[in-house]
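Peer 1: First the structure, which I've put down as structure tokens, then a few questions once you've had a look.
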Amino acid sequence: MKGIAKRHILKIVDTQKTGREDFLVVEEPLEIRLAFEKGGIRHQQGISVTMRTPGHDEELALGFLFTEGMIREASQVKNVSFAAVRWKEARENVIVVELADGHEIDFKKLERHFYTTSSCGVCGKASIEAVSVQGHYDLPEYAPVFSIGILHGLPAQLLREQSVFDCTGGLHGAALFDLSGRLVLSREDIGRHNALDKLIGAAFQKGLLPLSDCLILVSGRAGFELVQKSIVAGAPCMAAVGAPSSLAVELAEEAGMTLIGFLRDGQFNVYTCPERVGG
């Protein structure tokens with residue numbers, strides 16, 4: 001199975017030693033490059049390197065570029081392919097997104113990404129203002145409304161889809177559900193941000209954006225950047241199996257998103273916009 005590596009280990013139970021085979025999640029770097037035209041000349045520039053689990057790399061690249069405001073629609077992308085680099089071992093770890101002719105690039109938009117990921121100690125208001133310049137869809141007011149019973153059943157559906165997690169226990173998952181609780185898409189990755197970028201990238205490719213009638217569920221905590229990416233994709237509801245951060249709650253409230261945390265074991269907390277949770 002792609003994304004899984006085998007390793008012979010020594011297993012200790014109490015004082016007993018046993019040699020056995022273990023399964024590990026694969027972690028490898030992925031460089032995302034942009035190919036674009038400027039002044040009549042084609043350029044190629046690296047814009048990000050992320051540690052990810054191989055698989056759905058095209059979706060990861062597109063999801064990252066979309067949530068960072070570099071692309072807005074599929075017509076702006078001419079092609080996505082792995083780079084023909086000199087080192088064979090790196091060929092599946094460098095991906096190039098070729099933009100359509102005439103699409104202008106504003107590299108200043110990427111500054112927000114580096115700003116937010118290194119913003120320890122920066123006030124929440126400043127961080128939220130940094131995100132607000134990243135244009136996003138208007139979220140529908142007071143809709144959709146998800147029933148409590150449907151919400152309780154979502155984590156089990158996500159877990160059933162996490163095939164690599166089932167083998168390794170080492171992956172984050174992200175899933176998209178419709179109003180009836182039907183699983184629309186799911187992706188997993190060693191990085192929680194990558195899992196969500198893959199999910200949003202897949203929705204971008206399939207023409208599902210904005211996600212105005214859907215809910216995004218993540219398998220871990222709801223951090224600031226995960227909420228930001230979900231808002232940019234137009235999702236009015238986001239739920240997490242773990243806890244949200246204070247800044248994530250502030251951002252959700254500012255955008256009018258319903259944010260749910262600790263969705264597990266038959267209970268959950270609604271932190272913002274509770275009107276989208278029905279009886």
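Read-outs: derived from the displayed coordinates by stated rules, not from any lab. Only a predicted model underlies this, so the values are computations on that prediction, with no experimental measurement involved. Ideal geometry is used to build each Cβ from the backbone, glycine not excepted, and the neighbour counts take in all protein chains shown.
Peer 1: Please report the net charge: other residues with Cβ closer than 14 Å to the Cβ of residue 212, K and R +1, D and E -1. Mind dumping the intermediate values first?
Peer 2: Numbers: positive: 276; negative: 138, 141, 178, 213.
Overall, the nearby charge balance is -3.
Peer 1: Separate question: Would you give the gap between the C-alpha center of region 1-35 and the C-alpha center of region 53-68, rounded to a whole Å?
Peer 2: 23 Å
Peer 1: So, one more: Determine the shape class of region 137-278: with a ≥ b ≥ c the square roots of the Cα gyration tensor eigenvalues, call it rounded for a/c under 1.5, and otherwise prolate if a/b is greater than b/c, oblate otherwise.
Peer 2: Working: a/c = 1.36, a/b = 1.23, b/c = 1.10.
Rounded is the answer for region 137-278, as its axis ratio a/c remains below 1.5.
Peer 1: Of the listed peptides 73-82, 16-25, 202-211, what is their order by residue-averaged count of other C-beta atoms within 10 Å, with the highest listed first?
Peer 2: In descending order of packing, they fall as 202-211, 73-82, 16-25.
Peer 1: Tell me, what is the FRET efficiency for residue 74 and residue 267 to the nearest 0.05, using R0 = 45 angstrom and their Cβ-Cβ distance as r?
Peer 2: E between residue 74 and residue 267, to the nearest 0.05, is 0.70.
Peer 1: For region 179-227, how big is the tail of P(r) above 12 Å, as a whole percent of Cα pairs?
Peer 2: The answer is 64 percent, as a whole percent.
Peer 1: Could you calculate the contour length gain from residue 84 to residue 182, that is, 0.36 nm times the residue separation minus the distance between their Cα atoms, to one decimal place in nm?
Peer 2: 31.3 nm
Peer 1: If each residue's Cβ is checked for other Cβ atoms within 10 Å, how do 197, 138, 189 rank with the fewest at the top?
Peer 2: 138, 189, 197
Peer 1: How high is the relative contact order of region 137-278, given as a whole-number percent (alpha carbon pairs under 8 Å, six or more residues apart)?
Peer 2: Taking the mean separation of contacting Cα pairs over the length of region 137-278, I get 25 percent.
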